[in-house]
1. Where does helix 137-159 land angle-wise versus the long Cα axis of the chain, in degrees 0 to 90, nearest 10?
2. Longest segment of the chain with no trypsin sites (Lys or Arg not before Pro) in a DSSP loop having at most 13 other Cβ atoms within 10 Å?
3. As a test of the formula, what do you get for the chain when each DSSP H run with n ≥ 4 contributes -39,500 (n - 2.57) and the sum is divided by the residue count, at 222 nm and rounded to the nearest 500 deg cm²/dmol?
4. Hey, what angle do you get for helix 79-96 against the long axis of the chain, alpha-carbon based, 0 to 90 degrees rounded to 10?
5. Multiply the residue gap between Asn71 and Ser156 by 0.36 nm, knock off their C-alpha separation, and tell me the result in nm, one decimal place.
6. To the nearest 20 debye, what is the magnitude of the charge dipole of the chain about its Cα centre, counting +1 on the Cβ of each Lys and Arg and -1 on the Cβ of each Asp and Glu?
7. If I model a spin label as a point 7 Å beyond the Cα along the Cα-Cβ vector, how far apart are those points for Ala116 and Ala137 in nm?
8. For segment 10-91, which GluC sites (Glu not before Pro) are in a loop by DSSP, counting at most 13 other Cβ atoms within 10 Å?
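What follows draws every value from the coordinates through simple rules; no lab data is involved. Every value quoted in this text rests on a predicted model; they were computed, and no experiment measured them. Because the Cβ atoms are built from the backbone with ideal geometry, glycine has one as well, and the counts that use them run over all protein chains shown.
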Amino acid sequence: MTPRKGLDLPTIVAAAAGIADASGVEEVTLASLAQKLGVRSPSLYNHIKGLTGLRIQLAIYGLKKLTAVINDDLKDKEGDEAMLAIAAAYIAFARAHPGLYELTLRAPDTGEKEYAEAGRVLVDILVGTLSYYELDADMSIHIVRGFRSLLHGFASIEQKGGFGMPQAVDESLKIVLQAYLKGLRQS
């Protein structure tokens, strides 16, 4: 079957990302995507390997977008300033792209080379930023995991409406991150 003119993988992934961000990842189905694109579902199979393949492409797309946002905010920064910039970019991405963000959380299957590479690039940026603190390789991974967990917990609670107190949410994040980084400098 010949692919439909004007329909390509980037167009499909962008449309699916729009659905995920607007309505949630579970609303991304081949039927909803085909409807949004004005095609029949079978036309999508010329570009993706079913719903699983689409979700993998969405995760790659999300990881690349998150990496780009972090890189943009990270320029010419180091140490605590760099870590705070990464955190701000991460939280801003989670706020702006809740569906894509959800898809960036799972560790990629090593059999999916492009997916694994997109995840590795992001981890490498974080580990590289941590070189300022003169940590060994193993400790850097532990610190990346903790940092990511802190940010995900914050993003997740915020997305669920769990911060109902009047204090500024961004200020809370900054205070928690400063405490985390103070502990990092003391270790």
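1. 70 degrees
2. 107-159
3. Only helices count here, giving -23500 deg cm²/dmol.
4. Roughly 30 degrees between the two axes.
5. That works out to 28.4 nm of additional length.
6. 700 debye
7. A separation of 1.6 nm, rounded to one decimal place.
8. Glu78
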